[in-house]
1. In debye, nearest 20: dipole of the stretch 39-140 around its Cα centre with unit charges on the Cβ of K, R (+) and D, E (-)?
2. Hey, with R₀ at 25 Å, roughly what FRET efficiency would R4 and I187 work out to, going by the Cβ-Cβ distance, to 0.05?
3. For K65, K196, K19, K184, write out the residues from largest to smallest accessible area, computed with a 1.4 angstrom probe and no ligands counted.
4. Which is farthest toward the positive dipole end of the stretch 7-138 among A29, A86, A73, measuring Cα position about the Cα centre, with Cβ charges +1 (Lys, Arg) and -1 (Asp, Glu)?
5. With Rg and the Kirkwood Rh both taken from Cα atoms, where does Rg over Rh land for the stretch 120-163?
6. Mind ranking W182, W135 by accessible surface for me, highest first, 1.4 Å probe?
7. If packing is taken as the average number of other Cβ atoms within 10 Å across a peptide's residues, how do 102-109, 75-82 rank, most packed first?
8. On the accessible surface of the chain, probed at 1.4 Å, how many percent belong to carbon and sulfur atoms?
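The values are calculated or read from the model by the stated rules, or taken from the named source; none is laboratory data. Quantities reported herein were computed from a predicted structural model and do not represent experimental measurements. Here the Cβ positions follow ideal geometry from the backbone for every residue, glycine too, while neighbour counts run over all protein chains shown. Just so you know, the surface numbers come from the protein's heavy atoms only, side chains and all, with ligands and any DNA or RNA stripped out. Shrake-Rupley method; radii C 1.70, N 1.55, O 1.52, S 1.80 Å.
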Amino acid sequence: MSRRFSGSRLVAATHNRGKLEEIRHLFAAFPVEILAATDLGLAEPAETETTFLGNARIKAHAAAKASGLPALADDSGIAVDGLGGAPGVHTADWAETPGGRDFVQAMTRVWRELDAAAVPEPRTARFLCTLVLAWPDGHDEAFEGRIEGRCVWPMRGSQGHGYDPMFQPDGFDVTLGEMDRWEKNHISHRGNAFRKLIAGCFGPEPA
């Protein structure tokens with residue numbers, strides 16, 4: 001059985017404001033104050049693992065140890081079948097430039113490499129998310145979510161973040177980038193993982 005969360009404050013171990021806003025929205029029904037890692041001055045640890053679970057654990061435990069509070073971290077990305085699962089854990093790395101992250105560049109690279117490999121349509125892919133809730137005593141709980149779909153081109157939509165404008169979920173005719181972000185949370189890999197987290201560690205939403 002998963003350990004239950006019993007505190008009133010939780011650190012979101014992310015320096016991404018978009019993710020922080022989503023986390024706060026997903027916990028809106030619970031009497032939990034979500035503290036931002038940036039506001040606490042927590043450093044970003046090096047993500048040296050080769051799996052989403054490994055990197056999420058690094059971030060969650062670093063934040064829990066530094067803050068003395070339970071901390072929640074996620075590691076997520078897109079895995080494209082025609083590229084052997086790439087970019088995978090390197091999803092954010094593909095967007096790195098000397099001037100910051102450029103996800104248009106990253107999405108263009110994905111499509112260019114699919115073209116170079118002559119990958120046929122549909123160019124299937126999935127978003128994966130692993131959440132780790134860690135306590136200062138070293139205990140953690142992990143939950144995984146995913147959403148299946150395919151890569152499309154050209155990019156469509158300006159909602160969401162990351163690779164959303166090139167990912168069309170199965171059963172939809174719009175990309176994640178064309179969806180309202182709160183609608184996206186109902187079907188997304190992160191939303192799926194959060195529902196498992198809530199069920200495992202927080203219980204049913206308050207009436």
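1. About 60 debye.
2. 0.40
3. Values: K65 175, K196 95, K19 35, K184 5 Å².
Output order, biggest surface exposure first: K65, K196, K19, K184.
4. Towards the positive end, the residue furthest out is A29.
5. My calculation of the ratio gives 1.19.
6. Details: W182 75, W135 25 Å².
Result, largest first: W182, W135.
7. Values: 102-109: 16.5, 75-82: 22.5.
Ranked from most to least packed, the peptides come out as 75-82, 102-109.
8. Summing carbon and sulfur atoms, their accessible area is 51 percent of the total for the chain.
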